[in-house]
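The values are calculated or read from the model by the stated rules, or taken from the named source; none is laboratory data. Predicted, not measured: the structure shown is a model, and the values here were computed from it. So basically every Cβ, Gly included, is an ideal-geometry build from the backbone, and we count neighbours across all protein chains shown. Side chains included, ligands, DNA and RNA excluded: accessible areas come from the protein's heavy atoms. Shrake-Rupley method; radii C 1.70, N 1.55, O 1.52, S 1.80 Å.
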Amino acid sequence: MSELEIPDLAELGMPGIFTGAGALGLYWTLGPSIKAVGSAFGQWTEYRMNNLLRIGERVSERRDSQSGLDDGKPRAVHPRLAADLIENSSWIDDELHQEYFAGLIAGETGSSDDGLFYSRIVSNLTSSQVRLHFLIYRAYEGSFAFVQSSRFNGGESDLRQLMVRAPKTAFAETMEMDSASGSSWAAAVHGLEAAGLVTEIAPISKGAEIIGAIPSLLGAIVYHRALSYTPIGVDAIRCDRDQLKRIGGHSYAPFPDTAPKLTGVTFGLR
């Protein structure tokens, strides 16, 4: 990581604490916009500041692993977007949810406020909804070998062919729930459906022990951003990650050590 001097931000109520890798990661990505947020940090609790700095550390890790990301200068992220990212991410203490925010922050490269759309989607998710979203879209790694002709932007027929199928027990275990039913499961499922991050999640037939999750283009895009995939095409999340890494100019964020993974996964309508 290149050295970057962080200016004195004491006027924002942050004397002596905006230091270290987390602070550097945040300032490098949001630097010119931080002062435009205003003197709000003085009202923050230690809990919120620690959350923000942990996310900043994750941003720094992505900056280190993706050499093409670093131009040596702080980014001129739109102040409205910077304020939204800082405010909402500071309430998140779940590690996987923090990874999602790190991806949104690290991926901002311009002065547009369009990133607000994705920031607010991720902000509104619960930890269980983030976990379920991650489980479904992580399952696509290497899936080109199984479903080559379908694409996330190919319409309803393609999305149904890209259905992720796994046993109820696999979903329950990786979601750390007693079963793939009940109020907690329903909140996770209906939350993703309401946000447009999946098309449908349900047993493949009445009484079936297999759950089918039909993806959405928006859900794939959010995952693509959260994991900092550098290829433009969203279907990059279906590539084998090791193979993708060997292609010049293509990279992604490593999975967190504690990241869950579905077992017994198959794809498509059958």
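Arrange the peptides 56-62, 190-196 so that the one whose residues have, on average, the most other Cβ atoms within 10 Å appears first.
With the highest mean Cβ count within 10 Å placed first, the list reads 56-62, 190-196.
Amide H neighbours of residue 200 under 5 Å, at least 5 residues apart or on other chains, H built in the peptide plane: list them.
Distant-sequence amide H within range of residue 200: 214.
What order do 246, 225, 241 take when sorted by accessible area (1.4 Å probe), most exposed first?
Highest to lowest solvent-accessible surface, that is 246, 225, 241.
With charges set only on the Cβ (+1 for Lys and Arg, -1 for Asp and Glu), what does the dipole of segment 146-238 come to about its Cα centre, in debye to the nearest 20?
Computed charge dipole of segment 146-238: roughly 220 debye.
Rank 261, 206 by accessible area, highest first, at a 1.4 Å probe radius?
206, 261
Grab the beta carbon distance between residue 91 and residue 112, set R0 = 30 Å, and tell me the FRET efficiency rounded to 0.05.
Given R0 = 30 Å and the Cβ-Cβ separation, E is 0.75.
Kindly sort 118, 229 by accessible area of their heavy atoms, largest first, with the probe set to 1.4 Å.
Correct descending sequence by accessible area is 118, 229.
Need one word for segment 76-186: rounded, prolate or oblate. Basis is the Cα gyration tensor (sqrt eigenvalues a ≥ b ≥ c); a/c below 1.5 gives rounded, then a/b vs b/c decides.
In terms of gyration-tensor shape, oblate.
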